[in-house]
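The values are calculated or read from the model by the stated rules, or taken from the named source; none is laboratory data. All of these numbers come straight from a predicted model, not from anything done at the bench. Here the Cβ positions follow ideal geometry from the backbone for every residue, glycine too, while neighbour counts run over all protein chains shown. Only protein heavy atoms, including side chains, enter the accessible area calculation; ligands, DNA and RNA are left aside. Shrake-Rupley method; radii C 1.70, N 1.55, O 1.52, S 1.80 Å.
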Amino acid sequence: SQQGEEDPQALSIQEGENATMNCSYKTSINNLQWYRQNSGRGLVHLILIRSNEREKHSGRLRVTLDTSKKSSSLLITASRAADTASYFCATGTSGANSKLTFGKGITLSVRP
Amino acid sequence: NAGVMQNPRHLVRRRGQEARLRCSPMKGHSHVYWYRQLPEEGLKFMVYLQKENIIDESGMPKERFSAEFPKEGPSILRIQQVVRGDSAAYFCASSPRTNEKLFFGSGTQLSVL
């Protein structure tokens, strides 16, 4: 079953603008991760935020986590055409044998 | 340190044949995960293995599908008697521990004719 659900499904913005993508989940988590996938390629890890963290930054990326609302957002600032890709959130539950469960993804198009 | 290696990159099989997908995790990684992706969809978990053990196979169909991660050599996802519905991209990922980031391979695109 799908744990994370991203919103919107597709996003088109102009280069230089900020892109905000949201993810909601249903059950308690240990951590939430965001990945990027270029067409026909494997996923690349972007950022991991643990359940006791509220915000994390990595370069032009900013991730927030609200465990009370069971939601997360990924902000890409000053977008570039090269940011065009699909973005997925994934959640990991607590426990020694936890696996990551992925959402369906958001397609981001950045127009030059 | 080479990344996660998957082969073949593309695999074409006729209905009823067997498909074997290989995955070599990153050096030092003992956790291997297999996911399946259909066009325009997210990744669906299939199986989670640690060396010589299947930890969670809840996402893998009980018939025709099997996975292993032997003490020596790559992890293998095996699909027997393939059907057209098995056509998809199969991704392998590895990590050194649970609840850490995953490193993905480039995937195997399986096409069943």
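Hey, can you rank A:5-15, A:63-73 by average C-beta count inside 10 Å, highest first?
Values: A:5-15: 14.4, A:63-73: 16.2.
Answer by packing, highest mean first, reads A:63-73, A:5-15.
If you count only protein heavy atoms with a 1.4 Å probe, what accessible area per residue comes out for the stretch A:6-112, rounded to a whole Å²?
On the way: 5030 Å² over 107 residues.
Counting only protein heavy atoms, the per-residue value for the stretch A:6-112 is 47 Å².
Are there any residues in the stretch B:65-113 with a reduction of at least 40 Å² in accessible surface when going from the isolated chain to the assembly of protein chains? Probe 1.4 Å, please list them by number.
SASA drop of 40 Å² or more in the stretch B:65-113: B:Thr98, B:Asn99, B:Lys101, B:Leu102, B:Phe104.
Below 8 Å between Cα atoms, with a sequence gap of 6+, how large is the relative contact order for the stretch A:1-58 in percent? Display every interim value, and only then the final one.
Values: 55 pairs, mean separation 14.7, N = 58.
Answer for the stretch A:1-58 is 25 percent.
How many Cβ atoms of partner chains, on average, are near each residue of B:33-40 if near means within 10 Å of its Cβ?
On the way: counts 2, 0, 5, 0, 5, 0, 0, 5.
Shielding by partners across B:33-40 averages 2.
Run the numbers on the stretch B:42-113 and let me know its relative contact order in percent, using alpha-carbon pairs under 8 Å that are six or more apart.
Values: 100 pairs, mean separation 15.0, N = 72.
Across the stretch B:42-113, relative contact order equals 21 percent.
Within chain B, what is the longest stretch that has no trypsin sites (Lys or Arg not before Pro) placed in a DSSP loop and near at most 16 other beta-carbon atoms within 10 Å?
Numbers: sites that count: B:Arg9, B:Arg14, B:Arg15, B:Lys27, B:Lys51, B:Lys62, B:Arg64, B:Lys71, B:Arg97.
So the longest stretch without any such site is B:72-96.
Rounded to the nearest 10 Å², what accessible area does B:Glu63 show when all protein chains are kept and the probe is 1.4 Å?
Solvent-accessible area, nearest 10 Å²: 140 Å².
Amide H neighbours of A:Lys99 under 5 Å, at least 5 residues apart or on other chains, H built in the peptide plane: list them.
Placed amide hydrogens put A:Thr93 under 5 Å from A:Lys99.
Are there GluC sites (Glu not before Pro) in the stretch A:16-79 that DSSP puts in a loop and that have at most 15 other Cβ atoms within 10 Å, and which ones?
Values: sites: A:Glu17, A:Glu53, A:Glu55; in loops: A:Glu17, A:Glu53.
Counting only loop positions with at most 15 other Cβ atoms within 10 Å, the GluC sites (Glu not before Pro) in the stretch A:16-79 are A:Glu17, A:Glu53.
Averaged per residue, what accessible surface does chain B expose to a 1.4 Å probe, in Å²?
On the way: 5760 Å² over 113 residues.
Ligands and nucleic acids excluded, the result is 51 Å² per residue.
Given the pairs B:Lys27/B:Lys62; A:Lys104/B:Lys71; A:Lys99/B:Lys44; A:Lys70/B:Lys62; B:Lys62/B:Lys101; A:Lys56/B:Lys27, which span a C-alpha to C-alpha distance of over 22 angstrom in this model? List each step's numbers first, then the result.
Details: B:Lys27/B:Lys62 30 Å; A:Lys104/B:Lys71 34 Å; A:Lys99/B:Lys44 11 Å; A:Lys70/B:Lys62 32 Å; B:Lys62/B:Lys101 28 Å; A:Lys56/B:Lys27 28 Å.
Among B:Lys27/B:Lys62; A:Lys104/B:Lys71; A:Lys99/B:Lys44; A:Lys70/B:Lys62; B:Lys62/B:Lys101; A:Lys56/B:Lys27, the Cα-Cα distance tops 22 Å for B:Lys27/B:Lys62; A:Lys104/B:Lys71; A:Lys70/B:Lys62; B:Lys62/B:Lys101; A:Lys56/B:Lys27.
Over chain A, what percent of the accessible surface lies on carbon and sulfur atoms, probe 1.4 Å? Before the final figure, lay out each step's value.
On the way: 2410 of 5340 Å².
In chain A, the share of accessible area belonging to carbon and sulfur is 45 percent.
If you put +1 on each Lys and Arg Cβ and -1 on each Asp and Glu Cβ, how big is the dipole of chain B around its Cα centre, in Debye rounded to 20? Intermediate values should be presented prior to the final figure.
Values: 17 positive and 11 negative charges, 62 e Å.
Taking the Cα centre of chain B as origin, the dipole is about 300 debye.
What is the interface area between chains A and B, defined as buried accessible area summed over both chains with a 1.4 Å probe, reported in Å² to the nearest 100? Please report the intermediate quantities before stating the final value.
Details: alone 6200 and 6640 Å², together 11100 Å².
The buried area between A and B, both sides summed, comes to about 1700 Å².
Normalised by the number of residues in chain A, what is the relative contact order in percent for Cα pairs under 8 Å and 6+ residues apart?
Numbers: 283 pairs, mean separation 42.9, N = 112.
Result for chain A is 38 percent.
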